[in-house]
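Bear in mind these aren't lab numbers, they're just calculated from the coordinates by the rules spelled out. Because the structure is a prediction, the values reported are computed rather than measured. Please note: Cβ atoms are built from the backbone with ideal geometry, for glycine as well, and neighbour counts cover all protein chains shown.
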Amino acid sequence: TLSWKKPKSDSLLAESSHYTFVYDDNECSLVVLNACPEDSGVYTCTARNLAGSVSCKAELTVHEGKKIKKRLTDHYDIHKEIGRGAFSYVKRVTQKLGKMEYAAKFVSTRAKKKASALREMNLLSRLDHERIVYFHDAFEKKNAVIIITEICHEELLDRFIRKSMIMESDVRSCVRQLLEGMDYLHSRNIIHLDIKPDNILMADPHSDQIRICDFGNAMVLTPDEAQYCNYGTPEFVAPEIVNQTPVSKASDIWPVGVIAYLCLTGVSPFAGENDRSSVLNIRNYNVAFEERMFAELCREAKGFIIKLLVADRLRPDTQECLRHPWFKTLSKGKAISTEGLKKFVSRRKWQVKQRSLISYKSKMVMRSIPEL
């Protein structure tokens, strides 16, 4: 195990909006966010195992500097809202210099949300992968943290339902890309914890490349420490979130199976009459693999989903998923009607409307799972 101590203190540092730990292969780093002179001093890192312990020290000196706060409106023109989530909304913005378009996510810092908003900003700023939405800039206001990213104009399901039919290979390609993005995150001990169709965007109108977005629920895994997640989107959360047991990288694998099932059959496998019945279906692993639903799909597609929708300890990791025979299939496979997907999208929009949420753009909203 690894632990860090603050200067002139015996207390151990914990992951927060001020400190974050970065694990990259065999290296571990402590990152001090928004450092101030009070952070100056000697930090101690101790590594322990059965053979004993070893420590090293590093000195940090922070000089007082003149704080200049950037204002969003000095750099960007703000346009209409293009999306909304449980704790945030997204607007299209145009950079004043160069006129490039971006997406600005306004994350509320009210109700003790500031730490998680800053954590999302700092985490996204460290990521660089073609399957992850690209971070561009960030601003901090009194009641919001604003994260500027590349703009993606379409969600995965919106792309699919524009056609009357999609091919099995279209779904396979998107699932492969999703796993590639998650493999990058998991290699850095980051788990997303809100993988769902809303958070899979198409890079541009003329490309089949996807981007994973919305890291508001993401966390960095700490070795040998049980970590829990209270929020998720019913129908897509893993059983361990429903049961309030520790989360892991496997918690991101479960929703990949749910999304693959949904896109291939047009049926959301755990959908109940309401959110509570949906999470109960997940808790009880109540999923049907009816022969008629998979009759014309290749055998490997059904086998892939079955491997993912199991207890967390039995789920394959991202590398194992990508080695699955389904991804070695070269044929385009069956043409799949999108009627089921259209009904799913329509139902989700109706459910959101019933909850009287402000924006029709938001289809699937995170809920406090223990309260359901």
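Worth pointing out:
- Remark: the stretch 50-63, residue by residue, has Karplus-estimated 3J(HN,Hα) of 4, 7, x, 9, 9, 10, 9, 10, 9, 9, 10, 10, 10, 8 Hz, where x stands for each Gly or Pro and the curve is 6.51 cos²θ - 1.76 cosθ + 1.60 at θ = phi - 60°.
- Structural descriptor for the chain: relative contact order 14 percent, calculated from alpha carbon pairs under 8 angstrom and at least 6 residues apart.
- HIS129/THR329 FRET efficiency (R0 25 Å; Cβ-Cβ; nearest 0.05): 0.50
- Taking each DSSP H run with n ≥ 4 as -39500 (n - 2.57) and averaging over every residue of the chain yields -8500 deg cm²/dmol at 222 nm.
- Pairs of lysine residues in the stretch 72-150 that meet both criteria, 8 or more places apart or on different chains and Cα atoms under 19 Å apart, total 19.
- Order of CYS263, CYS298, CYS36, CYS56 under a 10 Å beta carbon neighbour criterion, fewest first: CYS56, CYS36, CYS298, CYS263
- Among the listed values [x] 52; [y] 55; [z] 60, the one computed from these coordinates for percent of Cα pairs over 26 Å apart is [y].
- Relative to the longest principal axis of the Cα atoms of the chain, helix 168-187 runs at roughly 20 degrees.
- For the chain, the longest principal axis of the Cα atoms and the long axis of helix 114-125 meet at an angle of about 80 degrees.
- The charge dipole of the stretch 2-60, taken about its Cα centre with unit charges on the Cβ of Lys, Arg, Asp and Glu (plus for the first two, minus for the last two), comes to roughly 280 debye.
- Loop GluC sites (Glu not before Pro), the stretch 261-304 (other Cβ atoms within 10 Å of the site Cβ: 13 or fewer; DSSP): GLU273, GLU290, GLU296
- For the stretch 72-150, the relative contact order comes to 25 percent (Cα pairs under 8 Å, sequence separation of at least 6).
- Remark: LEU308, LEU322 ranked as LEU322, LEU308, counting other beta-carbon atoms within 10 Å and listing the fewest first.
- From least to most packed, judged by other beta carbons within 10 angstrom and beginning with the fewest, THR265, THR1, THR245, THR20 follow the order THR1, THR245, THR20, THR265.
- Once backbone amide H atoms are built at 1.01 Å from N, TYR231 has ILE369 as its partners under 5 Å, excluding neighbours fewer than 5 places away on the same chain.
- Cα centroid of the stretch 292-342 to Cα centroid of the stretch 166-232, whole Å: 17 Å
- The C-alpha atoms of the chain define a longest principal axis, and helix 339-354 lies at about 50 degrees to it.
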